[in-house]
1. What does the C-alpha gyration tensor say about the overall shape of region 284-360? Classify as rounded when a/c is under 1.5, otherwise prolate if a/b is larger than b/c, or oblate.
2. Across the chain, where is the longest run that never hits chymotrypsin sites (Phe, Trp or Tyr not before Pro) in a DSSP loop with at most 12 other C-beta atoms within 10 Å?
3. Where a ≥ b ≥ c are the square roots of the eigenvalues of the C-alpha gyration tensor, would you call region 1-153 rounded, which needs a/c under 1.5, or, failing that, prolate if a/b is larger than b/c, or oblate?
4. Positive end of the dipole of the chain, charges at C-beta (+1 Lys, Arg; -1 Asp, Glu), about the Cα centre: which of TYR393, VAL117, ALA359 has its Cα farthest in that direction?
5. Which of the GluC sites (Glu not before Pro) found in region 1-86 are in a DSSP loop and have at most 12 neighbouring Cβ atoms, other than their own, within 10 Å?
6. Quick one: grab the alpha carbon gyration tensor of region 68-120, order the square roots of its eigenvalues as a ≥ b ≥ c, and give me rounded if a/c is under 1.5, else prolate or oblate depending on whether a/b is larger than b/c.
7. Please report, largest first and rounded to whole Å, the three semi-axes of the ellipsoid equivalent to the chain, where each semi-axis is the square root of five times an eigenvalue of the C-alpha gyration tensor.
8. If you average the C-alpha positions of region 270-342 and of region 136-154 separately, how far apart do those two centres end up, in angstrom?
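Read-outs throughout are calculated quantities, based only on the coordinates presented, and are distinct from any laboratory measurement. The shown structure was predicted, so the numbers you read here are calculated from the model rather than taken from an experiment. In this analysis, Cβ positions are derived from the backbone assuming ideal geometry, glycine residues included, and neighbour counts consider all displayed protein chains.
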Amino acid sequence: MKLVTIIGARPQIIKAAALSRAIRNHYADTIQEVIVHTGQHYDDNMSQVFFDELGIPSPDYNLHVGSASHGVQTARMTEGIEALLIKEQPDFIVLYGDTNSTLAGAVAAAKIHVPIVHIEAGLRSFNKSMPEEINRIVCDHCSTLLFTPTKAGLENLKREGFPIDESGPSTLRLAAGTAGSGSATIDHPKVYHCGDIMYDNSLHFANIAEQKTDIIQRLELGGKPFILATIHRDTNTDHPERLGAIFDALIELSKENQIVLPLHPRTAKLLKTNLSNEKQALVFSSANIKLIPPVSFLEMIALERHAQLVVTDSGGVQKEAYFFKKPGIILRPETEWVEIVETGNAILADADECRILKAWQHFKDNPPTVFPEIFGDGHAAEFILNVMLQQKYNKYETP
Ligand code: UD1
Ligand code: UDP
């Protein structure tokens, strides 16, 4: 079986490690993976570092699209991916998440009838002003096999008319599938609730991170409590008022806490124009705010494991905080990962100084202790590959 995997943005490269590892460990003789990097992210610390560190094979192709407006960037990727799909003739294209690289892969593949496997299907913010919401809806509705990490994802797909077989056993994965007989097609897609491949990765790499990184020592954090923060959403970075309010909260928190803030390149650039000179001076001169370049994934999970709390607008980072049983303050008005808010382990604070500080106080007074297992069993990648193999070789068997 031949797969073409599309990656491009940082979180997709990291996600791809789980599937590549499962292929290497269990299906090396059966599955050929052709990796296409769109080049959406290109700085070494946004791309190459993950190949070096996580055992992901080097990309077979790099489209080098770089940064551009949504339309231009997506168009360049679509053109490149279409040509490669025609050349490679894969059984499936594998798409992750909701970036422009995902959208381009979906549009290119659906039009020339290459079946799409969407990993991280079904997530919704119900906010179509987010570019990611458009990308994920289009991708889901062009897909043949949809793998959703959460129960909320499954419910969203059901609401949008995807066929969900609820008569099966009530275990994760099987309950959720449209697992009846017949092979899946774009017009008869199949949905599986399989858990989160990033949970696979976090479990796999947690101890390796502890052994192989020295970021805690390097930042002189050993033994001292600290807050880990990340900010990169365009809704936060591109609006001076919102960026200012987030930094007001961080400046306030830094009076009593150390803060580690690995800066996404988008944020690094926009801090200079969208944060007032006065706030920049406070932030850059603060001994308690450690602004650092993007870190590697192993360093990031070491930071997440040692932090007392995580403040973020990242999808991946809010979840990883949960994986490592840390409370999270989400710098957005809504989240696709609703379960972590419903269990009381994360709070939506938007870009609102008061709400951020109130959430901090809440978690200081009531540190959460119960983090139910809602992201699967750490073997989502193997399950996904099994379903693909059954689709190709044994079309009428239920996984
Ligand atoms: C993209 C995704 C977002 C995801 C994020 C993960 C879309 C629409 N957005 O947002 O869903 O959460 O990746 O990090 O696909 N830049 C560099 N070096 C790089 C990459 C980017 O300097 O290696 C700068 C450029 O100025 C670029 C800006 O960051 O214009 C934004 O990059 P882009 O990929 O367009 O969007 P992200 O904000 O990274
Ligand atoms: N991450 C990383 N280094 C960093 C910041 C984030 O390795 O400096 C990882 C993080 O652990 C998570 C992923 O990148 O696995 C999340 O990516 P990002 O926040 O860029 O995007 P999102 O998940 O919001 O799409």
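1. oblate
2. My reading of the result: 127-395 is the longest stretch.
3. Cα axes put region 1-153 in the rounded bin.
4. ALA359
5. none
6. Because a/c hits 1.5 or more and a/b fails to exceed b/c, region 68-120 counts as oblate.
7. 35, 23, 20
8. Cα centroid to Cα centroid, the span is 27 Å.
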